[in-house]
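To keep things clear, I will list the structure first and then write my remarks on it.
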Amino acid sequence: MVPARTAAEATGDYRTKLSCKVDAVCEALREGKFGMGMVHVKAVDDMGHDKDVEGKLRWIERADEMVGELVERLERGDAGEHEGAKRFALVVTADHSTPVEYGDHSFEPVPFLAANVGVEGEWGSDAATRFDEIECAVKGSLGRFLGSEIPWVMETLTRQ
């Protein structure tokens, strides 16, 4: 993992530049010192605490755009030409839910998306058509599972 302080202009608050986080992950993977990168977007959580519906939606959209940028760069080979280049496991999830109605953390399930970037057709798809807590838990192929099972999912995904 790349500490946030090494990602220029990645402040961890509303002023953060998400593209800097993508740069830091690609750079770390390119160096070959890391087998995994993680990007955390704190502003989505902060907007939940602030009970700011429009702000939370805006930050979710920005995070979605950042994931798109990351996938494009990984597929392009921006993370290096080492073994396995252009093939990466990607997980999009949250560490907890922070509904704007409550303004605090809750025990709701969080959505979890896992995919191999750069490999078509290996994992297929499921019946989920939205990326939200209920859709992923009910219609997603992984169903509902404990956070402690995430390492198994990641390991399984990277072996595909």
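The values are calculated or read from the model by the stated rules, or taken from the named source; none is laboratory data. Since the model is a prediction, treat every value here as computed from it, not as a measurement. Every residue, glycine among them, receives a Cβ derived from its backbone with ideal geometry; neighbour counts consider all protein chains shown. The accessibility values were calculated without ligands, DNA or RNA, using every heavy atom of the protein model including side chains. Shrake-Rupley method; radii C 1.70, N 1.55, O 1.52, S 1.80 Å.
What to note about this one:
- For a straight C-alpha distance cut-off of 15 angstrom, the aspartates and glutamates reachable from Lys17 (same-chain residues fewer than eight places away being disregarded) are Glu9, Glu61, Asp64, Glu65, Glu69.
- In this calculation the C-beta distance from Glu9 to His105 is compared with R0 = 41 Å, giving a FRET efficiency of 0.90.
- Accessible surface of Met38 - all protein chains present, 1.4 Å probe, nearest 10 Å²: 100
- Summarising the label geometry, the points placed 7 Å from Cα in the beta-carbon direction at Glu65 and Phe131 lie 1.4 nm from one another.
- Sparsely packed GluC sites (Glu not before Pro) within the stretch 1-73, loop by DSSP, other Cβ within 10 Å at most 13: Glu9
- Computed from the C-beta positions of Lys33 and Ile150, the FRET efficiency with R₀ = 35 Å rounds to 0.95.
- For the stretch 30-80, the set of trypsin sites (Lys or Arg not before Pro) satisfying both a DSSP loop assignment and a count of at most 14 other C-beta atoms within 10 Å is given as Lys33.
- Summed side-chain charge close to Ile134 - residues other than Ile134 whose Cβ falls under 11 Å, Lys, Arg +1, Asp, Glu -1: -1
- Note on Lys33: lysines with a C-alpha under 22 Å away, same-chain residues under 8 apart excluded, are Lys21, Lys86.
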